[in-house]
Amino acid sequence: MIHPRIKELSAYKTETTPCKIKLSSNELPIKFPEEVKRKIGEAVSSLPLNRYPDPQASELKEVIAKRFGVSTDNLVLGNGSDELIQYLTIAVGEINSPVLYPVPTFPMYGICATALGREKVEVPLKEDLDLDLEALLRAVEEKRPSLAFFSYPNNPTGNCFREDAIKRVRQEGVFTVIDEAYYHFSGKTFLADALQREDTVVLRTLSKIGLAGLRVGVLIAKEEIAREINKLRLPFNITYPSQVIAKLMLEDFYPIIEEHVQMVLRERERLMRELSNIEGVKVFPSDANFFLFKTPYPANVVHAELIKEGVLVRDVSYLPNLENCLRVSVGFPEENDQFLQAMQRVMKRLC
């Protein structure tokens, strides 16, 4: 018998429409040199695939710890950040205590809460897409959530919330998760808090720095907290190929990743500037590798017209405060140029 809460649950949705230019999933545009492909092939071909991988992913943890400036004892690795979000939803607070998060935001916070039967406390962002601190504090007082998630920068809005507002909510005794999936594009972090406090953890991921296919998420916390969360970790959750390829990329070829991150930062500013010059288009500020934009026309219409042009973005207009809004990831310069040209043609057709 399937529980009614699962039958009522909406699964996570992604954009899979085939298009020549795919700017819908916040992936890092990166082309691996032949040398990298060869080294990856050699590493994978030598794996004993009939054997289970290292259950602790020890060598990979060493490399990640070095990259993030922490100890391996501060780390828990997950099959993407999604798995770690689920562990935190299981581990923190009583199962009958609510989970708090602003909306719109990354949907997995709500999906995990619903799957476990935990009440969701969703607090809409203000019109400027920042946290509504007064509403959050009212929700904390009324609902007494034990766990809060803050995407930082926030997906899909692209902005980093006010640091003082997050800390003020935490002062009310709420265990606080700072999801820093886009840290490499913002440079803003709560890492020091996560290493020192027992009520704060940080999530990072390799998915946004060119390794989305490996599904490696990272939880960073004080040693005692990491140890407790690690008890929930499913055995062998990081596959052999993921461990070996991620270690190779972070250890031997990290400059390639850094080069492409810097390219995205340059392209983000150019793309936002040039898109905002198209009449009728409003561009929202962003600290991520994507940003929101708004037109006077229904987002589903603009979305469909862009698909006709061979460009795929994400329609997010169904979310609170995002009427007529779409989200676009920053691609290679040539992809961004084609997106801009497509937008110009679409806007002329719709005007």
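Can you give the FRET efficiency to the nearest 0.05 for Gln196 and Ala304, using r as the Cβ-Cβ distance and R₀ = 45 Å?
For R0 = 45 Å, the calculated efficiency reads 0.35.
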Q: Give the peptides 49-57, 166-174, 212-220 in descending order of average Cβ contacts within 10 Å, highest first.
A: 212-220, 166-174, 49-57
Q) Rounded to a whole number, what % of the accessible area of the chain do carbon and sulfur atoms account for, probe 1.4 Å? A) 49 percent
Q: Mind checking which of Phe32, Pro104, Tyr87 is farthest towards the positive end of region 1-129's charge dipole, using Cβ charges of +1 (Lys, Arg) and -1 (Asp, Glu) about the Cα centre?
A: Phe32
Q | Cβ-Cβ FRET estimate between Ile6 and Lys231, R0 fixed at 25 Å, reported to 0.05 | A | 0.50
(Q) Which one, His184, Phe290, Leu131, is farthest towards the positive end of the dipole of the chain when Lys and Arg carry +1 and Asp and Glu -1 on their Cβ? (A) Phe290
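With Cβ to Cβ distances under 12 Å as the rule, what net charge do the other residues near Asp54 carry (K, R +1; D, E -1)?
+1
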Q) With the Cα gyration tensor of region 1-151 giving a ≥ b ≥ c as the square roots of its eigenvalues, does the rule (a/c under 1.5 for rounded; else a/b larger than b/c for prolate; else oblate) give rounded, prolate or oblate? A) prolate
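May I ask you to derive the relative contact order of region 270-351, considering only C-alpha pairs under 8 Å and at least 6 residues apart, and to give it as an integer percent?
This gives 28 percent for region 270-351.
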Q. Gain in length, Arg162 to Val44, computed as 0.36 nm per residue apart minus the alpha-carbon separation, to one decimal in nm?
A. 38.2 nm
Q. Among Ser242, Ser24, Ser45, which one shows the biggest mean-square fluctuation in a GNM of the chain, springs joining Cα atoms closer than 10 Å?
A. Ser45
Q. Where does region 224-351 land on Rg(C-alpha)/(2.2 N^0.38 Å)?
A. 1.39
Q. Of Ile229, Ile40, Ile2, which has the most accessible area and how do the rest follow, probe 1.4 Å?
A. Ile2, Ile40, Ile229
Q: Kindly report the accessible area of the chain per residue (heavy atoms of protein chains, probe 1.4 Å, no ligands, DNA or RNA), in Å².
A: 46 Å²
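The values are calculated or read from the model by the stated rules, or taken from the named source; none is laboratory data. Quick caveat: nothing in here was measured; it's all calculated off a predicted structure. Cβ atoms come from the backbone with ideal geometry, glycine included; neighbour counts cover every protein chain shown. For the accessible areas, the whole protein counts, side chains as well, though only heavy atoms, and no ligand, DNA or RNA atoms are used. Shrake-Rupley method; radii C 1.70, N 1.55, O 1.52, S 1.80 Å.
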